[in-house]
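*Asks:* I am attaching a structure below and will ask some questions about it afterwards.
The values are calculated or read from the model by the stated rules, or taken from the named source; none is laboratory data. Predicted, not measured: the structure shown is a model, and the values here were computed from it. All Cβ positions, even for glycine, are placed from backbone atoms using ideal geometry, and neighbour counts span all protein chains on display. Side chains included, ligands, DNA and RNA excluded: accessible areas come from the protein's heavy atoms. Shrake-Rupley method; radii C 1.70, N 1.55, O 1.52, S 1.80 Å.
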Amino acid sequence: QVQLVESGGGLVQPGGSLRLSCAASGSIFSINAMGWYRQAPGKPRELVARIGGGGSRNYADSVKGRFTISTENAKNTVLLENHSLRPEDTAVYYCSAADVRTRIQWYPEVWGPGIMVTVSS
């Protein structure tokens, strides 16, 4: 079974930085794309950043220039560097992996349990 586990969240002051990490485990053969989504209280889940199999990156307009997504493919890990954080970045951040293949099973998408990021003074 494939699992994703996020780490690196917490409380940070406005203007500060955080580094989120998400590691996928479970005898994985390949992952086509990985990304980060977030959900603030009372709002729908939204895409933050995504990186495709060819290395293409997509960012939400609200985080462009402040967040950077990258992967460590050998470790099936996706990172999200968050800089110049704002109170409106406060949300639960979820990691996702798309088109995941193990030797015996295919998963269209797998989600992590989420991790809280709070930006407040």
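*Asks:* Keeping the other protein chains in place, figure out the carbon and sulfur percent of the accessible area of the chain, with a 1.4 Å probe.
*Replies:* 48 percent
*Asks:* How many nm is it between the label spots at residue 1 and residue 32, if each spot is 7 Å from the Cα in line with the beta carbon?
*Replies:* So the two model labels end up 2.4 nm from each other.
*Asks:* A further question follows. Within the chain, what percent of beta bridges assigned by DSSP are antiparallel, to the nearest 5?
*Replies:* In the chain, approximately 95 percent of DSSP beta bridges are antiparallel ones.
*Asks:* Sticking with this one: How compact is the chain by the rule of thumb for globular proteins, expressed as Cα Rg over 2.2 N^0.38 Å?
*Replies:* Expressed relative to 2.2 N^0.38 Å, the Cα Rg reads 1.03.
*Asks:* Would you kindly state how much longer the chain becomes between residue 57 and residue 118 on full extension, computed as 0.36 nm times their sequence separation minus their alpha carbon distance, in nm to one decimal?
*Replies:* My answer for the length gained is 19.5 nm.
*Asks:* Please list, short to long, the whole-number percent of alpha-carbon pairs of segment 36-98 in consecutive 10 angstrom bins beginning at zero.
*Replies:* Going from the shortest bin to the longest, the percentages are 20, 56, 22, 2.
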